[in-house]
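First up is the structure itself, then whatever we jot down about it.
The values are calculated or read from the model by the stated rules, or taken from the named source; none is laboratory data. Given the structure is predicted, the values throughout are model-derived calculations rather than measurements. Methodologically, a virtual Cβ is constructed for each residue, glycine included, from the backbone with ideal geometry; neighbour enumeration extends over all protein chains shown.
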Amino acid sequence: MNNFEYCNPVRIVFGKGTIARISDLIPQGSKVLMVYGGGSIKKNGVYDQVKAALKGFDVVEFGGVEPNPQYSTLMKAVTIVQEENVTFILSVGGGSTLDGSKFIAAAAKYEGDDPWDILEKGAAVNDAVPLADVITLPATGSEMNCLAVISKKETTEKLAFGSPLVFPKFSIIDPTVTFTLPLRQIANGVADTFVHVIEQYVTHSVNSPLQDRQAEALLLALLDEAPKVFTAPDDYDVRANLFWMATQALNGWLNVGVAQCWATHNIGHELTARVGVDHGRSLALVLPGVWRHQRKEKGERIAQLGRRVFQIDEPNLDKAIDATIAATIMFFQSLGINATKKEYGVTDEIIKAIADLVDSRGVKFGDRKNIGGKEIIEILNLCD
C-alpha cells in the first residue's frame, strides 16, 4: 500500500428532521450567506425549513447556482461575501451548489489577481470562509470531502480543485428531501456514485486488500439498493441507504494509500462543458471506452470486479473483461441510462476539440498518467 496522509473533519448529521439542527451548529453571531440553486428548495419545503432554522442569524441569500456551477455566477457571490462581511456560508442544495459554495469560500479570501487560477493553475488556497451544507441530492459526495468542480462557459472548461480549508464544518443529510427529486436525477446520482468507487478500484494494484473489499462492499450494496428506488420511490430506508452510499463513495476512505484513476471523470467533465450532458450520464458513456482502451493496463482489475461484484465466472481474461464491461453497461441501462454519443451530440469535431484543449494544458489523465489528447480520441471512438 502507498504512503498516505489522511484528513476528513466533516461532521455528519444524518436522518429525518435534522435540518432544524442548523441553529445549534453554526457559530452564534455569524453573518450567513445562504447559497442555493434554481429554486427547487422553495417548492419542496427545504427552503422554509432552513429559514426557520436560521432564525436569529443575519442572513444574506444568493440563488441561481447552476447544475454545473459557473465561474461568472460564483464570482457575484464572492463580491457579496466581501462587501457584506459574510462570516459563514451555508450551501442548500445538491453537489453543484456545494461545489460552488466551496469555491466562493476560497475565492473570497484569495489574494491573487484572478481566483480562476485556483482551478487552472493550482494556485494555493491559504484561507477560506467557513462553510457547511444541507445536501439534497445523493451523488457527488461533496458533503464529506474537500473537492469541487467549477465550469467556465467562456472557455468551455470544467476544472477541479481541492483544499482542506473547504471541508464543510458540518453536513446535514435528511433523506426525506430526496422524495421530490425526479428519478432521472436519482439515476444520475447512482451512476456518479458507482463511477466514484470504480475510479478508486479499477486502477493498478498496490496490494490494498482492505480497500478493495470496502469498495466491493459498496458496489454490491449499490447494485442491491439502486433498483429499489424505482419500484418503491417512497421508501425512506432505500433513500437513506443510497444517500449514505453516495457520501461514502468519495469521502476519502476508499482511496487511502491506493492508486486512483479519474480519467472517466476528467473526460466526462469535458463532455459536460461542451455539450451539456448530465454528469452521471457522461460517465456512463465514457467508462466502457476507457476500459476498452486500457484493457491491457486494467484488465486484471476489471476481471476482478466482474468476478467479485457481478459474479462473472469466466477463466479467460479477455472474455471476463468483455463480460464485465457488458454487465456494467446493463447496470447503467437498468437505471434508464442508455448512453450513446449520438444521443448526447458528441461529434468528431467535439472530440477533437476536447483532445486539443487537454493537450494545450499539458496534462495527462489516468492512474499512470498515460491518457492525453490522442488517447482521448481513441477512447471516445470506442464508446457507443
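Here are the numbers for the structure shown:
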quantity	calculated
Residue match in the stretch 266-278 (condition: more than 21 Å from residue 155 (Cβ to Cβ), touching a helix residue (DSSP H, G or I) at 6+ places or on another chain (Cβ under 9 Å) and part of a helix (DSSP H, G or I))	no
Of all residues in the stretch 65-99 being among the β-branched types (Val, Ile, Thr) and within 21 Å of the chain's Cα centre (by Cα), the one that is farthest from residue 47 (Cα to Cα)	73
Inter-residue pairs, beta-carbon under 7 Å, first free of Cβ contacts under 8 Å to residues at least 24 places away in the same chain and in the stretch 306-323, second hydrophobic (A, V, I, L, M, F, W, C) and not in a helix (DSSP H, G or I), 6+ apart	306/312; 320/312; 323/312
Out of 348, 322, 356, sole residue that is surrounded by 14 or more Cβ atoms within 10 Å (Cβ to Cβ) and assigned by TED's automatic domain parsing to the domain that holds residue 217	322
Qualifying positions in the stretch 217-227 - assigned to a loop (DSSP other than H, G, I, E, B) and among the aliphatic types (A, V, I, L, M)	226
Total residues in the stretch 332-370, condition in contact (Cβ under 8 Å) with a residue 40 or more places away in the chain, closer than 21 Å to residue 155 by Cβ and not in a helix (DSSP H, G or I)	3
Flag if residue 230 is surrounded by fewer than 23 Cβ atoms within 10 Å (Cβ to Cβ) and either in contact with a strand residue (DSSP E or B) (Cβ under 8 Å, 6 or more places away or on another chain) or part of a helix (DSSP H, G or I) (or both)	yes
Residue tally, condition outside any loop (DSSP other than H, G, I, E, B) and buried (at least 18 other Cβ atoms within 10 Å of the Cβ), over the stretch 186-213	15
Residue in the stretch 182-196 that is farthest from the chain's Cα centre (by Cα), counting only those that are closer than 16 Å to residue 68 by Cα and not polar (S, T, N, Q)	189
Complete set of residues in the stretch 361-373 that are among the basic types (Lys, Arg) and either touching a helix residue (DSSP H, G or I) at 6+ places or on another chain (Cβ under 7 Å) or surrounded by 15 or more Cβ atoms within 10 Å (Cβ to Cβ) (or both)	364, 368
The stretch 188-208, residues that are over 15 Å from residue 244 (Cα atoms) and modelled with pLDDT of 95 or more	188, 195, 198, 199, 200, 201, 202, 203
Subset tally (residues that are touching a helix residue (DSSP H, G or I) at 6+ places or on another chain (Cβ under 6 Å) and part of a helix (DSSP H, G or I)) for the stretch 72-91	3
